[in-house]
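Here is the structure we will look at, set down as structure tokens.
The values are calculated or read from the model by the stated rules, or taken from the named source; none is laboratory data. Here the structure is a predicted model, which means the values were calculated and not measured. Here Cβ is always computed from backbone atoms with ideal geometry, including for glycine, and neighbour counts include all displayed protein chains. In case anyone asks, the SASA skips ligands and DNA or RNA and just uses the protein heavy atoms, side chains included. Shrake-Rupley method; radii C 1.70, N 1.55, O 1.52, S 1.80 Å.
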Amino acid sequence: MNSGAFDDLLTANAVFAAHFENAGLPARAARGLAVLTCMDSRINPFDILGIGPGDAKVLRNAGGRVTEDVLRTLVLGTYLLDVNRVLVMPHTKCAMAGFTEDEIHAKIGVEHGVDTRSLEFRTTDDQLASLRHDIVRIESYPLLPADLAVGGAVFDVDTGRLVPLAPEPNA
């Protein structure tokens with residue numbers, strides 16, 4: 001490890017380990033839940049959803065978007081770790097909903113001199129439409145169980161409230 005760069009974390013871990021109480025906790029999702037959310041450090045799905053260690057599988061990426069890796073992980077979760085429901089939970093004031101792909105590529109290029117155009121960041125100008133798309137992507141994925149419950153809700157970073165996705169009009 002980089003000398004000193006992680007000392008604060010190792011010190012905090014020593015305190016945590018001294019009071020660690022989760023030894024022997026099963027790897028399975030005790031509440032049958034998988035949560036997909038953003039990597040944003042303002043998001044604490046355990047507190048937001050009233051869950052604790054062992055209750056759920058928590059997946060994170062930029063924007064809380066359904067990617068191939070999320071689908072791979074959900075396949076493992078559903079067949080091996082007792083996941084029977086999935087909550088897709090993006091949040092308000094997300095950079096992935098505040099910038100376009102081109103703007104993010106340009107920003108990184110200008111500020112850091114790195115050409116990121118080989119990546120797709122999955123930005124969106126319509127967060128609710130993207131959430132609906134991601135839910136359909138999970139529901140229609142052929143390797144996931146047909147009875148897997150899938151829902152969506154947006155976490156409001158200003159109020160702490162979770163706003164369930166309303167049904168589509170004419171659906």
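Every residue, every condition in (1) touching a strand residue (DSSP E or B) at 6+ places or on another chain (Cβ under 9 Å); (2) open to solvent by 40 Å² or more (accessible area, probe 1.4 Å), yes or no:
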{"position": "9", "(1), (2)": "no, yes"}
{"position": "14", "(1), (2)": "no, yes"}
{"position": "61", "(1), (2)": "yes, no"}
{"position": "69", "(1), (2)": "yes, yes"}
{"position": "74", "(1), (2)": "yes, no"}
{"position": "89", "(1), (2)": "yes, no"}
{"position": "93", "(1), (2)": "no, yes"}
{"position": "103", "(1), (2)": "no, yes"}
{"position": "107", "(1), (2)": "no, yes"}
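With the checklist (1) acidic (Asp, Glu); (2) modelled with pLDDT of 95 or more; (3) open to solvent by 30 Å² or more (accessible area, probe 1.4 Å) in hand, flag the one item residue 134 doesn't pass.
With (1) acidic (Asp, Glu); (2) modelled with pLDDT of 95 or more; (3) open to solvent by 30 Å² or more (accessible area, probe 1.4 Å) applied to residue 134, the lone miss is (3).
Just name the residue that is nearest to residue 48 (Cα to Cα) out of those in the stretch 150-169 that are open to solvent by less than 50 Å² (accessible area, probe 1.4 Å) and of a type in the set (Gly, Ala, Ser). Steps first, answer last, please.
Of the residues in the stretch 150-169, the ones open to solvent by less than 50 Å² (accessible area, probe 1.4 Å) are 150-157, 160, 165.
Still in the list and also of a type in the set (Gly, Ala, Ser): 151-153, 160.
On the way: 151: 16, 152: 14, 153: 12, 160: 7 Å.
Here the residue is 160.
For the stretch 84-100, give me the residue count where each residue is among the aliphatic types (A, V, I, L, M) and in contact (Cβ under 8 Å) with a residue 60 or more places away in the chain.
Of all residues in the stretch 84-100, those among the aliphatic types (A, V, I, L, M) come to 86-89, 95-97.
With in contact (Cβ under 8 Å) with a residue 60 or more places away in the chain added as a condition, the list becomes 86-89.
Here the count works out to 4.
Determine if the stretch 112-130 includes at least one residue that is surrounded by 13 or more Cβ atoms within 10 Å (Cβ to Cβ) and closer than 27 Å to residue 26 by Cβ. Give the steps one after another, and end with the answer.
Looking only at the stretch 112-130, we keep the residues that are surrounded by 13 or more Cβ atoms within 10 Å (Cβ to Cβ), and these are 116, 121-124, 127-128, 130.
Restricting the remaining residues to those that are closer than 27 Å to residue 26 by Cβ gives none.
There is no residue in the stretch 112-130 that is surrounded by 13 or more Cβ atoms within 10 Å (Cβ to Cβ) and closer than 27 Å to residue 26 by Cβ.
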